[in-house]
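Structure record follows, encoded as structure tokens.
The values are calculated or read from the model by the stated rules, or taken from the named source; none is laboratory data. All of these numbers come straight from a predicted model, not from anything done at the bench. Note: ideal-geometry Cβ built from the backbone for every residue, glycine included; neighbour counts use all protein chains shown.
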Amino acid sequence: MSRAGTALSSHEMRHYGAGESRPTRRLVSALRSRPASRLRSRTGAWLLTLAAVAVWLGAAAPGAFAAPDITLDKQAPRAVLLGEDSPVTLHVTNPTGQPYGYNLSFRDVLPAGVSYVPGSAPVAPRILPNAPAAGQTTLIFENVSDLSPGSAYDLGYQVRHDPAVLGVGDTYTNQAGAYINTDPRFVPDFGANGAPTGDFTGSATDDATTAINAIEIEKDEPSPEGELLRGVTTTRPSTRSPYATTRSSRRRASTSRTGCPPASSSSAAAPMTTRRTPRPTPPAPRTSTPAPAC
């Protein structure tokens, strides 16, 4: 009968203990027979593997989770006069239902011929010349605010174009980005060229284009809501002729058509009054029949 089918000897029972099973005793025996250096090397390899997985998960976090799902609206005038500074506003919103966001940071890439106006922002940016490309300038605003769900933040500043590089009729576009993290311990990182490199879980981008004009036309009209009131006055001609004649007459009730009073009446007939308006031309001669004698 082989040893696998027999009971443990008294030496094995003293060595392993009576309560252990044969597979467990064999594993313990195998581990004890291996050198300690070999075990340490394998343990170190496992730790390195776990560390690499953790780093990969951290790098994939911004694209994988994208929380909070913030929005960015870059606001700039459509046109400015030649040599005039342009105001810029970065409006970022953390919608309702999103998690808290911490350490909000911005990145704005200015094209060649456009620069930041010193002192125009509430917080001084980190300025990276010739980044990410030659002639461009990158502004980094780090850790300017935190955003609770349903809140917003505005960052305003000004930029200036160089008339020697950008003239009348030219346009320039600013490209901006906002970055945030759900963990207050981490601030978004940016590389030497201004590109975001990590430590953010939510982000958004937007751009704005501005044209350069030679003149600006302003309209100032005092009507309500700046609207010019217009109307049509219609004059209808009078229905009365300018040559109309108004007559008024009054007779006594007893006066006859002929103008003579009745024979039996002793009172004189009331005179008839006639009022005429002057005519522009005299009337034509009229012939009349004499009244009968009374």
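Couple of notes before you dig in:
- Segment 153-212: number of residues that are among the aromatic types (Phe, Trp, Tyr) and closer than 12 Å to Leu139 by Cα: 2
- Cross-chain or 6+ apart pairs with Cβ under 8 Å, segment 113-124 first and on the phi < 0 side of the Ramachandran plot, then modelled with pLDDT under 95: Val114/Asn174
- Residue count, segment 199-213 (criterion: in a strand (DSSP E or B) and either surrounded by fewer than 17 Cβ atoms within 10 Å (Cβ to Cβ) or acidic (Asp, Glu) (or both)): 6
- Qualifying residue in segment 61-69 (condition: among the aliphatic types (A, V, I, L, M) and at pLDDT 60 or above): yes
- Looking only at residues of segment 168-208 that are within 24 Å of the chain's Cα centre (by Cα) and of a type in the set (Ser, Thr, Tyr), we find that the one that is farthest from Val144 (Cα to Cα) is Thr171.
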